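The values are calculated or read from the model by the stated rules, or taken from the named source; none is laboratory data. Nothing here was measured: the structure is a model prediction, and the numbers come from that model. Note that each Cβ is placed from the backbone with ideal geometry, even for glycine, and that neighbours are counted across all protein chains shown.
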């Protein structure tokens, strides 16, 4: 009876966590379409300090490169682009042209090319489409906020002071990112973090998390309601891992200087143990290597 009651509590916790995540993402759906329809858009990075991108049934690709202007255009025959400029804010809205059943497997894309000189914020909202950003190793942004109700998200090769990623359905990939703070929220889907620096706050309701680090210079909090965690830690560093799972196993193959494993809880210390890594899983396994 106690085991059954415990399982019911776990299931209830997973559903509550998922409901909160879905509400958080879906509460920020799109404003009505605004602006002037255009084939393309262009703006000087020196005259813009905020970019807002909204897309429905359209993929969004943000590409950083050596250029003089911010450029936006639609690829494919089924998309429309609407452009607004309000003060120093550039607004880009993309959607499909009416009912496009025959183009389901040939979804259009909004391609936004950003010069390395642009240093401010990018806000992206998407429904039923992927979002990806490639900073090509030279893009440095003040803020990046990306929210998707359905679609995969990929962000790589950039420096971002404050990063916020929220998704209700789809996988999330972050790689080679230098941040001060990074917040990841996922209701359903897997997440992969590779060489992401800065203070991390990850919350997932359903999905697996795979994280690998070459260095740890800030604290991290990883919370999963239902899913497995696989973490690869650097050989050297000063950090403490505190991991716990309500229903699941903890498998630490990493060579900690000091380790205490007690049933479903682990405390492992490397070096001075300065940076704290908190891992909490309701239902799932934790592997640390």
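Select from region 125-145 the residues that are buried (at least 24 other Cβ atoms within 10 Å of the Cβ) and within 12 Å of the chain's Cα centre (by Cα) and write down the one among them that is farthest from residue 66 (Cα to Cα). Steps first, answer last, please.
Narrowing region 125-145 to residues buried (at least 24 other Cβ atoms within 10 Å of the Cβ): 126, 129, 131, 133, 135, 139, 144.
Next, only the ones that are within 12 Å of the chain's Cα centre (by Cα) stay: 131, 133, 144.
Details: 131: 21, 133: 15, 144: 20 Å.
Per the stated criteria, the residue is 131.
Would you confirm whether any residue within region 110-124 is part of a strand (DSSP E or B) and modelled with pLDDT under 95?
Applying the first criterion (part of a strand (DSSP E or B)) to region 110-124 yields 110-115, 121-124.
Now drop any that are not modelled with pLDDT under 95, which leaves none.
No: region 110-124 contains no residue that is part of a strand (DSSP E or B) and modelled with pLDDT under 95.
So if I check each of 240, 246, which one is over 18 Å from the mean Cα position of the chain (by Cα), surrounded by fewer than 19 Cβ atoms within 10 Å (Cβ to Cβ), assigned to a strand (DSSP E or B) and modelled with pLDDT of 95 or more? So that I can check it myself, show each step before the final result.
Numbers: 240 fails: surrounded by fewer than 19 Cβ atoms within 10 Å (Cβ to Cβ).
Only one candidate passes the filter, namely 246.
For region 207-221, enumerate the residues that are more than 12 Å from residue 171 (Cβ to Cβ) and surrounded by 20 or more Cβ atoms within 10 Å (Cβ to Cβ). Lay out the reasoning, then the answer.
Initially, region 207-221 is screened for residues more than 12 Å from residue 171 (Cβ to Cβ), giving 211-221.
Those that are more than 12 Å from residue 171 (Cβ to Cβ) and surrounded by 20 or more Cβ atoms within 10 Å (Cβ to Cβ): 211, 213, 216, 220.
Could you identify the single residue in 34, 65 that is surrounded by fewer than 19 Cβ atoms within 10 Å (Cβ to Cβ), in contact with a strand residue (DSSP E or B) (Cβ under 7 Å, 6 or more places away or on another chain), at negative phi and at pLDDT below 95? Before the answer, list the steps.
Numbers: 65 fails: at pLDDT below 95.
Testing whether each residue is surrounded by fewer than 19 Cβ atoms within 10 Å (Cβ to Cβ), in contact with a strand residue (DSSP E or B) (Cβ under 7 Å, 6 or more places away or on another chain), at negative phi and at pLDDT below 95 leaves just 34.
Give 186, 199, 138, 221 a once-over and let me know the one that is in the same structural domain as residue 118 (by TED's automatic domain parsing) and at pLDDT 95 or above. I'd like the intermediate steps shown before the answer.
Values: 186 fails: in the same structural domain as residue 118 (by TED's automatic domain parsing); 199 fails: in the same structural domain as residue 118 (by TED's automatic domain parsing); 221 fails: in the same structural domain as residue 118 (by TED's automatic domain parsing).
None of the other options fit; the residue is 138.
Determine which member of the set 223, 230 is part of a strand (DSSP E or B) and touching a helix residue (DSSP H, G or I) at 6+ places or on another chain (Cβ under 9 Å). Can you show your working first?
Working: 230 fails: touching a helix residue (DSSP H, G or I) at 6+ places or on another chain (Cβ under 9 Å).
Only one candidate passes the filter, namely 223.
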